[in-house]
Structures are given as C-alpha cells and as structure tokens.
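Asker: The structure follows.
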Amino acid sequence: MAHTYTPGLKVSEKELITKKRILPLKGDVIVKVGDKVHPDDVVARTHLPGPVETTNVANILGVPPEDIEACMLKKEGDPVKANEVIAMNKSFFGLFKSEARAKIDGSIETISHVTGQVLLRGKPVPVQVKAYLESEVVEIFPNEGVAVSCWGSFVQGIFGIGGETHGVIKIVVPDNATPLTDNLIDESCQGKILLGGSIVTADAVRKAIKVGASGVVAGGFSDKDLRDFLGYDIGVAITGSEDLGVTLVFTEGFGEIMMAKKTFDLLKSKVGQMACINGATQIRAGVIRPEVIIPIAADIKAGKGDAAKHGMGLEIGSPIRVIRAPYFGKLGAVTALPSPLQVLESESKARVLEVEFESGERAIVPRANVEMIED
C-alpha cells in the first residue's frame with residue numbers, strides 16, 4: 001500500500017470552502033446566486049410552529065365533553081390572548097358562571113368533543129439562517145436554503161462548544177506553549193477571537209465572557225473545568241447550542257497540550273483579519289468538528305482545480321498527531337509505513353507506522369492510534 005486512509009484534521013493556508021445554510025423547515029430564500037454576503041446577512045427565513053398548550057375545558061366548566069361546543073366563545077382558528085376567556089358555562093338562571101381561559105397567546109387549533117380538551121397553538125417562532133461567512137451565494141435550494149463559498153484559511157479543532165460567531169483575530173500569548181490565563185485578557189479583547197497557546201483556564205474563559213470576546217481558540221482545556229463550567233458532562237451529544245456568551249475551539253484536546261506550531265503560526269499570520277468560528281462538535285457517527293475559517297478576498301471560480309487536492313491519505317512525510325497513550329498528544333511525521341501486520345504488546349495484530357516526533361525521538365505506533373493533520 002502506497003498510502004492508507006486515516007481520519008485527520010485540516011490545517012490549510014488556502015482552500016475553497018463551501019457551506020450549506022439550510023432552514024429547519026421550508027421557508028423563504030431571500031438571496032440569489034452571485035450575491036455577496038457578510039456573516040450576519042440573513043439568507044433564508046421561516047417560522048417554526050409555536051408551542052402547544054392543552055386546556056381541559058370540560059373539566060373546568062363541569063360539562064360533558066360533547067357539550068363544550070355550546071360553551072365555546074372561540075372557534076377553531078380564532079386568535080386568543082393569554083388569560084382571555086375562551087369558554088363559559090352559566091348555571092342557575094345565569095347567576096353563577098365558570099370560565100376557561102387561554103394560558104398563552106396564539107390561536108385555537110382543535111376542539112375535541114371526545115375528550116373535552118381544547119388545543120391552543122402558540123405564536124409561530126421566527127427563524128433566520130445567516131450566511132456565517134464573508135462569501136458568495138453559489139447555489140439555491142428552493143424554500144430550503146443556500147450554499148455559500150469563499151476562499152479562506154481553514155483550521156479544524158478537536159473539540160469545541162458554542163455556536164457560530166465571528167470577530168477579528170487577536171493574539172494574547174507570546175507562543176504556542178503559553179497557557180491562556182485571565183490576566184492576559186482585558187477590555188481590548190471585546191468582540192475579538194482570542195488566540196491562545198496551550199491550555200486555556202476556566203478563569204480566562206470567564207474573563208473573556210465578561211469583556212465580551214467573541215471566541216477563544218487554544219490548544220486545550222481541562223475536562224474538569226469544562227464540566228464545572230457547563231454544569232454537566234458533554235458525553236457524545238452534539239455541542240454548539242450552548243449559550244455561554246463565547247465560542248471555544250480547542251485544536252489539540254483536553255489537558256495542557258501546546259497548540260501545533262503549524263496551526264499556531266497560521267493563525268498568528270492572520271492576526272487583525274476577520275475569522276468565522278463554530279464550536280459545534282459531534283464525536284459519534286456523523287462526525288462534526290469545530291472550525292476556524294479566515295475568509296480571503298478572491299474569485300471563487302479561480303483555482304477550483306486546486307481545491308480537490310486534499311484527503312490523499314497517509315503517506316511518508318505526512319504530519320500526524322498521536323491520539324492514544326503512551327504518546328498521546330505528540331506531533332510528528334511518518335517515516336515508514338510497513339505493510340505486514342505486526343504483533344502489539346497486547347498480542348493482537350495491527351498495521352503500524354514509524355513516526356519521528358518533533359523532539360527527534362522515533363516510535364512504532366498502530367495506525368489506528370494516530371490522526372493525520374491534513375495540509
């Protein structure tokens with residue numbers, strides 16, 4: 001085998017990036033192919049059905065279910081306001097009356113003569129999909145959304161939390177091995193994407209939120225700090241919907257792991273430029289990785305042939321990261337890819353590779369224990 005496929009992270013100086021911006025339900029697309037859009041521009045919108053509230057009118061009024069029609073003051077489809085009377089029952093020559101009131105603003109959806117219940121539907125919830133990138137609309141999906149494209153620098157992370165945001169990159173550490181602590185963050189970080197080195201502390205994240213930073217990109221984070229910070233364990237669920245006030249992207253993993261020099265140098269070279277980041281992560285089937293995108297002003301039609309030269313697989317010289325002990329977190333380059341299966345310490349057989357780490361040390365590692373850093 002000349003090369004073999006190994007899942008990996010992309011760290012690219014320039015590539016063509018295309019993102020689909022799709023509505024959760026069918027709605028209206030408000031841009032057209034060729035439009036230039038900014039990250040906050042709305043490209044499509046719709047309305048989600050409002051919440052449902054059930055009111056047992058028959059019980060409230062003390063009448064049989066089949067008799068509630070005569071008591072209803074509102075019909076199906078009628079709008080209602082919260083606390084508005086929707087049904088009334090008068091008794092004893094009209095001297096006494098009982099009322100059923102709406103619990104929410106909305107409309108009457110159904111009136112059941114079998115259960116005596118009235119279903120109220122809350123007001124529709126507006127939903128807007130934004131462009132996310134400084135980009136161009138390249139495709140329209142009628143009533144569903146669009147695809148936008150741009151040339152840009154692209155960095156994938158290992159883990160992240162928080163949704164899509166953007167801001168100017170600001171470096172707050174001297175090198176890729178320096179932890180990002182709260183004393184390195186001040187009011188000048190407002191609205192910025194902060195570039196850290198190795199681990200970012202929980203206090204630094206809190207300070208970033210306090211000063212109004214848009215995002216933080218660093219090498220790692222403590223899993224204990226993450227659990228304490230969120231108040232729960234992440235597990236294998238998808239992240240990205242957290243409303244923390246800041247988006248976090250970790251490029252290496254958990255613990256005090258310095259950011260890969262190539263990644264740090266690429267992001268450092270973009271200081272002062274706008275970056276679009278997304279912390280959404282899914283580690284089960286259908287993997288979603290957090291990302292940092294720095295759009296580059298260029299014609300999206302130019303050089304498209306170069307955009308497909310990724311994902312060639314693992315080969316001699318490929319940069320990798322070891323993702324399991326005893327070399328967890330170490331970076332290096334592949335020096336050999338022996339084809340025969342080799343017996344491991346566990347006495348199982350597996351394909352292996354030889355790696356030379358940045359320190360000059362060499363080791364034999366199972367191919368399943370490494371992740372390629374794609375150029």
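Bear in mind these aren't lab numbers, they're just calculated from the coordinates by the rules spelled out. Everything numeric in this text was worked out from a predicted model, so none of it was measured. All Cβ positions, even for glycine, are placed from backbone atoms using ideal geometry, and neighbour counts span all protein chains on display.
Asker: Students often get this wrong, so check it: of Lys10/Lys130; Lys75/Lys123; Lys20/Lys330; Lys10/Lys32, which have C-alpha atoms separated by over 27 Å?
Answerer: Distance filter (> 27 Å) returns Lys20/Lys330; Lys10/Lys32.
Asker: Let me ask something additional. As a footprinting exposure proxy, order Cys189, Cys276 by other Cβ within 10 Å, with the fewest listed first.
Answerer: Cys189, Cys276
Asker: Name the most mobile residue of Leu23, Leu353, Leu119, meaning the one with the largest mean-square fluctuation, in a Gaussian network model of the chain with Cα contacts below 10 Å.
Answerer: Among Leu23, Leu353, Leu119, the largest GNM mean-square fluctuation belongs to Leu119.
Asker: While we're here: If you average the C-alpha positions of region 24-65 and of region 94-114 separately, how far apart do those two centres end up, in angstrom?
Answerer: Computed from Cα coordinates, the inter-centre distance equals 23 Å.
Asker: Efficiency by 1/(1 + (r/R0)^6): what FRET value for Lys32 and Lys97, r their Cβ-Cβ distance, R0 = 56 Å, to the nearest 0.05?
Answerer: In this case the efficiency is close to 0.45.
Asker: Counting other C-beta atoms within 10 Å, which of Thr281, Thr201 has the fewest, and how do the rest follow?
Answerer: The most exposed by this proxy come first: Thr201, Thr281.
Asker: Same structure again: Which value at 222 nm does the chain reach when only helices count, each DSSP H run of 4 or more adding -39,500 (n - 2.57), with the total divided by all residues and rounded to the nearest 500 deg cm²/dmol?
Answerer: -2500 deg cm²/dmol
Asker: At q = 0.16, 0.23, 0.31 Å⁻¹, what log₁₀ I(q)/I(0) does region 319-374 have when each alpha carbon counts as one equal point scatterer in the Debye sum?
Answerer: Computed log10 I(q)/I(0) values: -0.43, -0.87, -1.36.
Asker: Can you tell which of Gly332, Gly212, Gly360 shows the greatest fluctuation in a Gaussian network model of the chain with Cα springs below 10 Å?
Answerer: Gly360
Asker: Run the simple label-point estimate for Ala82 and Arg324 please: 7 Å along Cα→C-beta, distance reported in nm.
Answerer: Roughly 5.4 nm, to one decimal.
Asker: Pick out which of His113, His166, His47 has the largest mean-square fluctuation in a Gaussian network model of the chain, springs linking Cα atoms closer than 10 Å.
Answerer: Looking only at His113, His166, His47, the biggest GNM fluctuation is shown by His113.
Asker: If I take R0 = 51 Å and measure r between the Cβ atoms of Ile283 and Arg45 in this structure, what FRET efficiency does the formula 1/(1 + (r/R0)^6) give, to the nearest 0.05?
Answerer: Efficiency for this residue pair is about 0.95.
Asker: Ok, one more. So which lysines can Lys224 reach, going by Cα to Cα under 20 Å and dropping same-chain residues fewer than 8 places off?
Answerer: Within reach: Lys207.
Asker: A follow-up question, please. Run the Debye formula on the Cα coordinates of the chain, all scatterers equal and no solvent, and tell me log10 I(q)/I(0) at q = 0.10, 0.14 1/Å.
Answerer: So the normalised log intensities work out to -0.77, -1.16.
Asker: For Ile17, Ile316, what's the fewest-to-most ordering of other Cβ within 10 Å of each Cβ?
Answerer: Taking fewest neighbouring Cβ atoms as first place, the list is Ile316, Ile17.
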